[in-house]
1. Determine, yes or no, whether G81 is modelled with pLDDT of 80 or more, touching a Gly at 6+ places or on another chain (Cβ under 9 Å) and under 17 Å from S394 (Cβ atoms).
2. Within region 276-299, track down each residue that is farther than 13 Å from G150 by Cβ and not in a helix (DSSP H, G or I).
3. Conditions: (1) closer than 30 Å to M403 by Cβ; (2) under 23 Å from the mean Cα position of the chain (by Cα); (3) outside any helix (DSSP H, G or I). Y343 meets all but one. Number of the miss?
4. Mind listing whichever residues of region 84-95 are within 25 Å of the chain's Cα centre (by Cα) and either at pLDDT below 90 or under 19 Å from S179 (Cα atoms) (or both)?
5. Select, from R408, R376, R421, the only residue that is in contact with a His (Cβ under 9 Å, 6 or more places away or on another chain), among the basic types (K, R) and either more than 22 Å from G81 (Cα to Cα) or crowded, with 16+ Cβ neighbours inside 10 Å (or both).
6. Look through A337, A360, A330, A325 and report the one residue that is among the aliphatic types (A, V, I, L, M), surrounded by fewer than 17 Cβ atoms within 10 Å (Cβ to Cβ) and in a helix (DSSP H, G or I).
7. Note down all Cβ pairs under 6 Å where the first residue falls in region 197-211 and is at positive phi, the second is among the charged types (D, E, K, R) and open to solvent by less than 70 Å² (accessible area, probe 1.4 Å), and they're at least six residues apart or on different chains.
8. So is A9 farther than 20 Å from V164 by Cβ, in contact (Cβ under 8 Å) with a residue 40 or more places away in the chain, of a type in the set (G, A, S) and surrounded by 13 or more Cβ atoms within 10 Å (Cβ to Cβ) or not?
Amino acid sequence: MRIIGKTAAEIFDSVRLLTQSGSLKPGQALPPVRDLAVALEVNHNTVAAAYKRLVTTGIALAQGRLGTVIREPTVLGEQEGTAFDTSLADVASGNPNPAWLPDITTAFARASYRPRLYGELTVASELAAYARQWFAGDCPATDEIELTWGAVDAIERLLAAHLVAGDRVVVEDPCFLSSINTLRTSGLQVLGVAVDAEGMRADALEEALCAGAQAVILTPRAHNPTGCSLSAQRAQSIRAVLERYPHRLVIADDHFALLSVGDYHSPIPVSTQRWALVRSVSKALGPDLRMAFVASDPQTASGLRLRLASGTTWVSHVLQGIVQACLFDAGFGARLAQAREDYARRRDWIVSALTDQGLATAGPADGLNVWLPLERESQPVVFALAQRGWLVRSGDGFRVRAMAHGLRLTVSNLEKVQAMRLAADIRASLGRG
């Protein structure tokens, strides 16, 4: 290994090339700053600047007194979805119930379409009007409405427009799988903040912001994986914290808005200068109709449009037309209400069954999942449940900082009898049977 260069940029390029060629391997330590400065006959600040850029871009990892080492390559974490090749009863997928998803062929037949060309409005006027009415009273303003390919796409584009690699981002801990993957593949540092039955803890959020976090992503309702939602009091506490940091980017991911049983309590204070409220339709319409509405301030909307402009500049108008046909269908509201009640009923079934077995869930749940906290590592319980015929999701994949001891149980297709058997099997797998 021979690092060369006289400027910070040259030293950075030299280390990057050595890493790409395999001469520097993950876990290998770089020379101390002063030692390399002496060897290269440059000021130690030049080497320090190069090392800082290596850390910021995710090539190296600063370990304080232990020095700077080459970082392990980012690997894709767990993904949501059904294991179609398993014979186990699947309560791990995170998917909606297909019975409540619309018939796309019927929606397509109702959708009006004409070819769109570059330069036209990126958001159909009818959908923009729908979004403004939907967002009214839930965020500081509704003048700026954009569409993205789902909530995760919105979050990724918003972060890319406003942050740089190495910036710190606050998320709930445990955290949604796709949010974890998005942040890590973007080279951003993840700061986990604990959640309880009322949502993200305001005191822990304050600590993270004091530590230099540049953005906050939080889930107002149906947090995945715990199912918790912000209470009115907790939302007020979070707004009070964020008011002291008006320049931080705040993203509220209200992904379950169409199906949530809880009220929306905004965590975004009026004083926040960069904010976005994201509402997806994919839980109600299905992953294949993945689309999200984004309301934001003008500066944030401009940044989002800039990120969209590098592609096609808009979400497909074919998709917009189908989504509009579904949302505007005369029976859509009644179908939503039935789906909402059905998911709530299935959540109640598993919560009651677990309670009967002496097992306490994380608190009132909303969404497609119920979270069962555990006192010890969850993976052995997952294996034991697999032997009893169940595919469940371990809490390990959702952890950010602390170990997430728990099981996430997807209730979408769970019948009452199944819930009772699952609860009994969980108790037995914990050694309590």
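The values are calculated or read from the model by the stated rules, or taken from the named source; none is laboratory data. Just so it is clear, the model here is predicted, and its values are computed rather than measured. No Cβ is skipped: glycine too gets one built from the backbone with ideal geometry, and neighbour counts run over all protein chains shown. Accessible surface areas use protein heavy atoms only, side chains included; no ligands, DNA or RNA. Shrake-Rupley method; radii C 1.70, N 1.55, O 1.52, S 1.80 Å.
1. Values: modelled with pLDDT of 80 or more: no; touching a Gly at 6+ places or on another chain (Cβ under 9 Å): yes; under 17 Å from S394 (Cβ atoms): yes.
Judged against the criteria, G81 is not a match.
2. We begin by selecting, within region 276-299, every residue farther than 13 Å from G150 by Cβ; these are 276-277, 295-299.
Passing the criteria: A276, L277, A295, S296, D297.
3. If we test Y343 against (1) closer than 30 Å to M403 by Cβ; (2) under 23 Å from the mean Cα position of the chain (by Cα); (3) outside any helix (DSSP H, G or I), just (3) comes out false.
4. Scanning region 84-95 gives F84, A92, S93, G94, N95.
5. On the way: R408 fails: in contact with a His (Cβ under 9 Å, 6 or more places away or on another chain); R421 fails: in contact with a His (Cβ under 9 Å, 6 or more places away or on another chain).
Unique residue meeting the criteria: R376.
6. Just one listed residue meets the conditions, A337.
7. As it stands, the answer is G199/R234, since those pairs meet every condition given.
8. Details: farther than 20 Å from V164 by Cβ: no; in contact (Cβ under 8 Å) with a residue 40 or more places away in the chain: yes; of a type in the set (G, A, S): yes; surrounded by 13 or more Cβ atoms within 10 Å (Cβ to Cβ): yes.
Answer is no for this residue.
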